[in-house]
1. Can Thr61 be described as touching a residue at least 60 places away in the same chain (Cβ under 8 Å), surrounded by 20 or more Cβ atoms within 10 Å (Cβ to Cβ), within 16 Å of ligand 2 (Cβ to nearest atom) and over 15 Å from Tyr132 (Cα atoms)?
2. Going by what's in this entry, would Thr116 be described as of a type in the set (S, T, N, Q), closer than 23 Å to Met4 by Cβ, modelled with pLDDT of 95 or more and in contact with a helix residue (DSSP H, G or I) (Cβ under 9 Å, 6 or more places away or on another chain)?
3. Confirm whether Pro129 is in contact with a strand residue (DSSP E or B) (Cβ under 6 Å, 6 or more places away or on another chain) and modelled with pLDDT of 95 or more.
4. Please determine whether any residue of the stretch 178-195 is within 16 Å of ligand 2 (Cβ to nearest atom), among the charged types (D, E, K, R), closer than 28 Å to Tyr50 by Cα and surrounded by 23 or more Cβ atoms within 10 Å (Cβ to Cβ).
5. For the stretch 48-56, does any single residue satisfy the condition of being away from ligand 2 (no atom under 16 Å from the Cβ), buried (at least 18 other Cβ atoms within 10 Å of the Cβ), part of a loop (DSSP other than H, G, I, E, B) and of a type in the set (A, V, I, L, M)?
6. Report, by residue number, each residue of the stretch 149-181 that is outside any loop (DSSP other than H, G, I, E, B), in contact with a Lys or Arg (Cβ under 9 Å, 6 or more places away or on another chain), over 19 Å from Glu133 (Cα atoms) and without any contact (Cβ under 8 Å) to a residue 60 or more places away in the chain.
Amino acid sequence: MTRMRLTVLGCSGSVGGPDSAASGYLLTGPGMTPVVLEFGPGILGALQRYADPGAVNIFLTHLHADHCADISGLLVWRRYHPNPPSGRAVLYAPEGSALRLGNASAEVGGETDDVTDVLELRPWIEGEPLDYEGLSITPYRMYHPPESYGLRFTTDTGKVFAYTGDTAVCDSLLDLARGADVLMAEASWTHDPDNRPPGVHMSGVEAGRTAREAGVGELLITHIPPWTSREEIIAEAKSEFSGPVHAVSPGEVFDF
Ligand SMILES: [Zn+2]
Ligand SMILES: [Zn+2]
């Protein structure tokens, strides 16, 4: 029976903060190869408290640096650890990840490190569920500058966990979240519809409204940047959604 545990490794939005790495969540379950969902700055260090970095697979919702920059460190770990892991890590990401991650890891500007010696790269296919060792995962295209996906996880006990990645409000956001037991939504700024660029992030109001309109059981808020008030974001979300609202912190554990 696959049940899933999510451990928050880092949840600081857009950049690392004084008390948290940037985005990264460890997903574990009985008999399941652990997955690190997002691999932002600081995540490789935080991961070592909980799991062997050489023994995890990786899911990236998009290729902004705050969600993938520590992959360069993971490449070093897999290549140069005195007891190197056998086999390659599977990494699901949007198309183009070989070039994006290879550029970040190159020795000099303009070159591309071939990362396929240690990573097996697989692209997300929009709307197409994939089976990950008994866990069903459906990617939904989100509304964010680079190609970005929200992920809807269904365990074999029927529990649904939806994660927005980074996104602004869009139609597919409701499809992603509809009826989920738990929605983990980004909220990166306080609500000011006249003063925010379209197609980037959500406010606390929008995260709460999404939770209400999608009829989710519980709302977890993440990706609050160091310069944004956590208290204001929570209050905004609660003004729209009457169910449980919680802003996640590093080290917290959630079971599905
Ligand atoms: Zn981000
Ligand atoms: Zn982003």
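1. yes
2. Taking the combined requirement at face value, the residue does not satisfy it.
3. Yes; evaluated as a whole, the condition is true for this residue.
4. Yes.
5. Yes: the stretch 48-56 contains one or more residues that are away from ligand 2 (no atom under 16 Å from the Cβ), buried (at least 18 other Cβ atoms within 10 Å of the Cβ), part of a loop (DSSP other than H, G, I, E, B) and of a type in the set (A, V, I, L, M).
6. Once the filter is applied, which keeps residues that are outside any loop (DSSP other than H, G, I, E, B), in contact with a Lys or Arg (Cβ under 9 Å, 6 or more places away or on another chain), over 19 Å from Glu133 (Cα atoms) and without any contact (Cβ under 8 Å) to a residue 60 or more places away in the chain, the stretch 149-181 yields Ala168, Ser172, Asp175, Leu176, Ala177.
The values are calculated or read from the model by the stated rules, or taken from the named source; none is laboratory data. A quick note: this is a predicted structure, and the numbers were derived from the prediction, not measured. Every residue, glycine among them, receives a Cβ derived from its backbone with ideal geometry; neighbour counts consider all protein chains shown.
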